[in-house]
Amino acid sequence: MCTFFVDLLSFMEKNRYRKLLQRVALYDENDSSTWDGFDPKKTTMRNMYEKCNLGKDVMDFTGHALALYRTDDYLDQPCLETINRIKLYSESLARYGKSPYLYPLYGLGELPQGFARLSAIYGGTYMLNKPIEEIVMENGRVVGVKSEGEVARCKQLICDPSYVSDRVKKVGQVIRVICILGHPIKTIANVNSCQIIIPQNQVNRKSDIYICMISHAHNVAAQGKYIAIISTTVETSDPEKEIQPALNLLEPVEQKFVCISDMYLPVDLGTETQIFISRTYDATTHFETTCDDIKDIYRRMTGIDLDFEEMKRKQNDIFGEDEQKETK
């Protein structure tokens, strides 16, 4: 993704862009000497781009492909958040090598399987293939879930919008196209996986178009086959035409599967009913919004923010720090 973009820049643009990235890399929020004359809490990101004499294409790439913003609202906000996002991308790339992203072998289905195993360790119980007949309420609060005549009692309930259609509102649609290829994407280096983000301004849209390509390297396809997933937010009455710029990058496509789904949001926080509803998956392929939704649900359920450092400390208290290091 980075190489493909940088190849489109002139020599002078590359030099100016390099200076911006160097400035971001050296930035330390607690050391004003690294701010290079900018106050990150007052200077907007638009001002920083202008100071570096960078054009619209660079702004689109940096904001949407590196900082992973979905709109251009960030341009007129203090640049501190954007700097931190770019640093996170760069540090992740430096840590993991060819890509700043991690993807599980055998596909995303491994994530719920891993959660199931961890949940079992802490006493969780899974009941599979159980149709939900009713969410049982008493005095306006959830007390259980009824399935095949049995009621599983609970004090809090987490569910997706499909279980509570009367407690959510539709906010749009997403189109997803799964493409089976016999080749890697030709416009980038010969790699087994990648994420491509087509910024909205580059294709005269209000939403970015996302492409995630995976392959046999992840044990999700046969040798020599590649799977590319295109997604974007629907903006017109012809969703398939909207993703054509992405399909053009993938040609030839051996087979494709198109799915258009509604997006829902909960109509309340769930604090009164103790029913906590997640958001529908949006078009993004990097799962940042999904992680934000998980943290939001945790905050609504407990009244406090999810603190990963605190979780690490609790694990040390239970298992011991030395034992965890050996396990890793």
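Return the label of the correct value of volume of the Cα convex hull per residue in Å³, as calculated from the structure shown, out of (i) 146; (ii) 171; (iii) 189.
The listed entry that was calculated here is (iii).
Can you list the aspartates and glutamates whose alpha carbon is less than 20 Å from that of Lys241, not counting same-chain residues fewer than 8 positions off?
Reachable aspartates and glutamates: Asp208, Glu251, Glu254, Asp262, Asp282.
Can you report the principal axis dimensions of the stretch 146-268 using only the alpha carbons, biggest first, rounded to whole angstrom?
53, 36, 21
Give me the accessible area of His218, 1.4 Å probe, in Å² rounded to the nearest 10.
My reading of the accessible area for His218 is about 20 Å².
For the stretch 233-249, take each phi angle, set θ = phi - 60°, evaluate the Karplus expression 6.51 cos²θ - 1.76 cosθ + 1.60, and give the result in whole Hz per residue in order, putting x for glycine and proline.
Coupling constants for the stretch 233-249: 7, 6, 10, 10, 7, 10, x, 5, 5, 5, 9, 4, x, 6, 4, 4, 6 Hz.
With +1 on the Cβ of every Lys and Arg and -1 on the Cβ of every Asp and Glu, and nothing else charged, how large is the dipole of the chain about its Cα centre, in debye rounded to the nearest 20?
560
Placing unit charges on C-beta atoms (Lys and Arg positive, Asp and Glu negative, everything else neutral), compute the dipole magnitude of the stretch 64-147 about its Cα centre in debye, rounded to 20.
In total the dipole reaches around 380 debye.
Given the rule -39500 (n - 2.57) for each run of at least 4 DSSP H residues, summed and divided by the residues of the chain, what is its mean residue ellipticity at 222 nm, to the nearest 500 deg cm²/dmol?
Taking each H run of at least 4 residues, the total per residue is -9500 deg cm²/dmol.
How big is the stretch 68-143 along each principal axis, measuring the range of its Cα positions in Å and listing the largest first?
That works out to 48, 36, 21 Å along the principal axes.
Any idea how far the Cα center of the stretch 179-248 sits from the one of the stretch 31-79, in Å?
27
Could you work out how much longer the chain between Asp76 and Arg117 gets when fully extended? Use 0.36 nm per residue separation minus the Cα distance between them, nm to one decimal.
10.3 nm
Positive end of the dipole of the chain, charges at C-beta (+1 Lys, Arg; -1 Asp, Glu), about the Cα centre: which of Asn15, Gly109, Ser207 has its Cα farthest in that direction?
The listed residue farthest towards the positive side: Asn15.
Would you mind checking which residues have amide H under 5 Å from Met263's amide H? H placed 1.01 Å from N; only 5 or more apart, or other chain.
Close amide H contacts, sequence-distant or interchain: Val171, Gly172, Gln173, Val174.
Using a 10 angstrom cutoff on alpha carbons, build the Gaussian network for the chain and name the most mobile of Glu138, Glu91, Glu50.
Per the Cα network of the chain with a 10 Å cutoff, Glu138 tops the list.
For the chain, set up a Gaussian network in which alpha carbons nearer than 10 Å are linked by springs, and say which option among Ser99, Ser165, Ser119 fluctuates the most.
So, out of Ser99, Ser165, Ser119, the one fluctuating most is Ser119.
Within the stretch 5-96, how many Lys pairs sit with Cα atoms under 15 Å apart, leaving out pairs fewer than 8 places apart on the same chain?
Close lysine pairs under the 15 Å cut-off: 4.
³J(HN,Hα) across the stretch 79-93 via Karplus (A = 6.51, B = -1.76, C = 1.60, θ = phi - 60°), whole Hz, x for Gly/Pro?
Computed from phi, the couplings for the stretch 79-93 are 6, 4, 5, 5, 4, 5, 5, 5, 4, 4, 4, 5, 5, 5, 5 Hz.
Given Asn219, Gln156, Pro131, which one lies farthest toward the positive end of the charge dipole of the chain, if we put +1 on the Cβ of every Lys and Arg and -1 on the Cβ of every Asp and Glu?
Checking the options against the dipole of the chain, the answer is Asn219.
Given a 1.4 Å probe and every protein chain left where it sits, what share in percent of the accessible area of the chain is carbon and sulfur?
52
Within 10 Å, count the other beta carbons around each residue, average over each peptide in 155-164, 236-245, and list them highest first.
Result, highest mean Cβ count within 10 Å first: 155-164, 236-245.
What does the C-alpha gyration tensor say about the overall shape of the stretch 1-102? Classify as rounded when a/c is under 1.5, otherwise prolate if a/b is larger than b/c, or oblate.
The shape class here is rounded.
Using a Gaussian network model on the chain with a 10 Å cutoff between Cα atoms, which of Ile230, Ile180, Ile132 fluctuates the most?
Greatest mean-square fluctuation among the candidates belongs to Ile132.
The values are calculated or read from the model by the stated rules, or taken from the named source; none is laboratory data. The model shown is predicted, which means the values in this text are computed figures rather than measured ones. Don't worry about glycine lacking a Cβ; one is built from the backbone with ideal geometry, like all the others, and counts go over all protein chains shown. Please note that ligands, DNA and RNA were not included when accessible areas were found on the heavy atoms of the full protein model with its side chains. Shrake-Rupley method; radii C 1.70, N 1.55, O 1.52, S 1.80 Å.
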